[in-house]
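What follows is a set of notes on a single structure, which appears directly below.
The values are calculated or read from the model by the stated rules, or taken from the named source; none is laboratory data. Because the structure is a prediction, the values reported are computed rather than measured. Cβ coordinates were reconstructed from backbone atoms using ideal geometry, including for glycine residues, and neighbour counts include every protein chain displayed. The area values use the complete protein model at the heavy-atom level, side chains included, leaving out ligands, DNA and RNA. Shrake-Rupley method; radii C 1.70, N 1.55, O 1.52, S 1.80 Å.
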Amino acid sequence: MRLDKFLKVSRLIKRRTVANEACDAGRVLVNGKTAKASVKVNVGDIIEIQFGTKAVKVEVLDIQETTKKEEAKSLFKYL
């Protein structure tokens, strides 16, 4: 699955366009490397997102095309 879509489905970022912009600005790292929005995300990948002064680091546990709000947290684990 594409990185921007995973960020939206997992609700780490609310909109896919915002996820795209964050990737373009270099604020998203996958496994320690700056990632474009089109990067393929796999189970076990570590995603790091810079939100201003705060950084969020998560591990991908599952990949689904769609998910309910309550189940979105089961797609990743905070590190």
| field | Those residues of region 20-35 which are under 16 Å from K54 (Cα atoms) and of a type in the set (A, V, I, L, M), in sequence order | value | A22, A25, V28, L29
| query | Tell me, which strands (runs of 3 or more DSSP E) wholly within the chain include 2 or more residues that are open to solvent by less than 40 Å² (accessible area, probe 1.4 Å) and touching a Phe, Trp or Tyr at 6+ places or on another chain (Cβ under 7 Å)? | reply | 54-60
| Out of region 4-29, which residues are of a type in the set (A, V, I, L, M) and in contact with a helix residue (DSSP H, G or I) (Cβ under 6 Å, 6 or more places away or on another chain)? | L7, I13, A19, V28
| field | Close pairs from region 68-79: first free of Cβ contacts under 8 Å to residues at least 40 places away in the same chain, partner open to solvent by 70 Å² or more (accessible area, probe 1.4 Å) and aliphatic (A, V, I, L, M), Cβ under 9 Å, at least 6 apart | value | S74/L61; K77/L61
